[in-house]
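Structure first, commentary second.
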Amino acid sequence: MSITTEAKGSALPPVVTGQMEIDPDVTAADLGVNADPAPETCERCQGNGEIVTDWDRYRHPHPSDKGDEAVAECPDCGGEGIIDCAVTPTAPRVRNG
């Protein structure tokens, strides 16, 4: 493999030529498949873990309300505010061929 630049002082990055192949003993994790997927913020509750069930009561609580009468645990994330996503991409390890 060779690395060349088009012109000295050029704002362009170096140009890489040649052939690269993946190392045969690379694991799935090296190719971007993580065993532990990264958590993702729940879209339904926006990471709060709860959703508003009665906006009128939420905005105008009754004097005897304790504070949780107008909300419920988010059914999508179970009140955690995050959900697990399937795969987090990472750069694979390669060797020069």
What single numbered condition from (1) part of a helix (DSSP H, G or I); (2) modelled with pLDDT under 90 fails to hold for Asp56?
-> (2)
Which of the residues that make up region 63-77 are out of contact with any Gly (no Cβ under 7 Å at 6 or more places or on another chain) and in a loop (DSSP other than H, G, I, E, B)?
-> Pro63, Ser64, Asp65, Lys66, Gly67, Asp68, Glu69, Ala70, Pro75, Asp76
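The values are calculated or read from the model by the stated rules, or taken from the named source; none is laboratory data. Worth saying up front: this structure is predicted, and the values here are computed from it rather than measured. Cβ atoms come from the backbone with ideal geometry, glycine included; neighbour counts cover every protein chain shown.
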